[in-house]
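What follows is calculated from the coordinates using simple rules that are stated; it is not laboratory data. For clarity, every value in this text was computed on a predicted model and none was experimentally measured. Counting neighbours? That spans all protein chains shown, and the Cβs are built from the backbone with ideal geometry, glycine included.
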Amino acid sequence: MTKPQPVKKPIPIPWALRFIQTAFPMLELISVRLAIKYFERIFFTPMRYKTPVKELATEKLAEKFSVVCDGKRIQCYEWGDISKPYVLVIHGWAGRATQFRKFVPIFNDGGYRIIGFDGPAHGKSEGKRATINSFTEVMQAIASIKGNPVGIIAHSFGGGASLFAIVNGFPVRKLINIASPTMADRIIESYRKVIGASMKVATGFKKLILQKYGKPFEEFTALELIKRVPAELKFMIVHDENDREVELVHVQELVKVFPKVRLHITEGLGHNRILKDDLVILSCFTFMRDN
């Protein structure tokens, strides 16, 4: 088990989210139908957070390039020797590629490049909305100019997006999901609670997704996607026992479906600090390096 670390101050809640938390319950009182549509809109609209100073330092070390997907410029980053194979890192919802800053030196020293991107509507990329399909399009665009990665390391939402890409033909042999949600109802429930929506709105949202995309919301989540990954995929999950955003039950349910996954369970790191832990990073490097 990883030793607990000092608790840091929570990230300030953006004013936009505070406004939604206040206004959404009032909107629902006026019209449940409008509330369901608004729920769908904001569900796919990530908040943008200020980039910490330490991440900005890592950003300056990167070779920057961009790809265009659906008419939007997507900011990409590359760290390391271009002659080396690369690992693709996929950040979570409202995240940034530079959140993997502590992975860069270890993987570079170990013979790998790291390539990441700010997803659509995230970080320094253009756009207002994002979906797992839009992340897949970016991954494919990067592979078309950089070749295929030897593996993917994904955090939170990035884990589900990576599985979706793999199921839809993205060629990769190894995947590491860190603190990634898997269960549809729990994903919706956690979001519902954050903005103060009722169960009626959550149920309406699921019906709206089925109408718009022709598939139930469940089919876009890791617990269902894992059933359709290639048999040769080598898969590792890193998760913290005390993750309050994505509870350990997400992992426990996925293991029932895909028991051959390798597990690295930590304690006291939570949802985001887990990306900065030396033992976690070493474990990821070892998994990626070993045949």
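Assuming R0 = 35 Å, what is the FRET efficiency of Thr51 and Ala231, from their Cβ-Cβ distance, to the nearest 0.05?
Working: r = 39 Å, r/R0 = 1.12.
Efficiency, from the Cβ-Cβ distance: 0.35.
Report, by chain and number, residues whose modeled amide H sits under 5 Å from the one on Gln75, excluding near sequence neighbours (fewer than 5 apart, same chain).
HN-HN under 5 Å from Gln75: Asp118, Ser125, Glu126.
Would you mind classifying region 132-291 by shape? Square roots of the alpha carbon gyration tensor eigenvalues, ordered a ≥ b ≥ c; an a/c under 1.5 is rounded, otherwise it is prolate if a/b is larger than b/c and oblate if not.
The shape class here is oblate.
Tyr86's amide H: which non-local residues (gap 5+, or another chain) put their own amide H closer than 5 Å, with H modeled 1.01 Å from N in plane and none for Pro or chain starts?
Those lying under 5 Å, H to H, from Tyr86 are Arg113, Val150.
Report the gain in length on full extension from Thr286 to Arg173: 0.36 nm times residue separation, minus Cα-Cα distance, nm rounded to one decimal.
Full extension from Thr286 to Arg173 adds 39.2 nm.
Build a GNM of the chain with springs between Cα atoms under 10 Å: which of Ile178, Ile226, Ile209 gets the top mean-square fluctuation?
Comparing Ile178, Ile226, Ile209 in a Gaussian network model of the chain, the most mobile one is Ile209.
Just to be sure I understand: with springs between alpha-carbon atoms less than 10 Å apart, which residue in Ala231, Ala179, Ala94 has the highest mean-square fluctuation in the Gaussian network model of the chain?
Ala231
Counting each DSSP H run of 4 or more residues in the chain as -39500 (n - 2.57), what helix-only mean residue ellipticity at 222 nm follows after dividing by all residues, to the nearest 500 deg cm²/dmol?
It lands at -12500 deg cm²/dmol.
What whole-number distance in Å separates the alpha-carbon centres of region 93-131 and region 13-72?
One Cα centre to the other: 17 Å.
What share of the DSSP beta bridges in region 35-179 is antiparallel, in percent to the nearest 5?
Percent antiparallel among DSSP bridges in region 35-179 is about 50.
Which of Lys60/Lys146; Lys124/Lys276; Lys54/Lys84; Lys37/Lys276 have a Cα-Cα distance over 31 Å? Please report the intermediate quantities before stating the final value.
Numbers: Lys60/Lys146 20 Å; Lys124/Lys276 22 Å; Lys54/Lys84 25 Å; Lys37/Lys276 37 Å.
Long pairs (Cα-Cα over 31 Å): Lys37/Lys276.
Determine the percent antiparallel among the DSSP beta bridges restricted to the chain, to the nearest 5.
Taking every DSSP beta bridge with both residues in the chain, the antiparallel ones total about 35 percent.
For region 58-185, rounded, prolate or oblate, judged on the Cα gyration tensor with a ≥ b ≥ c (square roots of eigenvalues), a/c < 1.5 rounded, else prolate if a/b > b/c? Could the numbers behind the result be given before it?
Details: a/c = 1.42, a/b = 1.22, b/c = 1.16.
It comes out rounded by the Cα gyration axes.
Using θ = phi - 60° and the Karplus curve 6.51 cos²θ - 1.76 cosθ + 1.60, what whole-Hz ³J(HN,Hα) does each residue of region 180-190 get, with Gly and Pro shown as x?
3J(HN,Hα) across region 180-190, in whole Hz: 9, x, 10, 9, 4, 4, 6, 4, 5, 4, 5.
Mind telling me which of His271, His155, His91 comes out most flexible in a GNM of the chain, alpha-carbon contacts under 10 Å?
Maximum fluctuation in the GNM of the chain, among the listed residues, is at His271.
By the gyration tensor of its Cα atoms, with a ≥ b ≥ c the square roots of the eigenvalues, what is the shape of region 23-289: rounded for a/c under 1.5, prolate for a/b over b/c, or oblate?
Details: a/c = 1.65, a/b = 1.43, b/c = 1.16.
Cα axes put region 23-289 in the prolate bin.
Amide H neighbours of Thr266 under 5 Å, at least 5 residues apart or on other chains, H built in the peptide plane: list them.
Close amide H contacts, sequence-distant or interchain: His239, Asp240, Glu241.
With 10 angstrom as the radius, rank Glu232, Glu224, Glu267, Glu253 by how many other C-beta atoms surround their C-beta, starting from the fewest. The partial results should precede the final answer.
Details: Glu232 6, Glu224 20, Glu267 11, Glu253 14.
If I rank by nearby Cβ atoms, fewest first, I get Glu232, Glu267, Glu253, Glu224.
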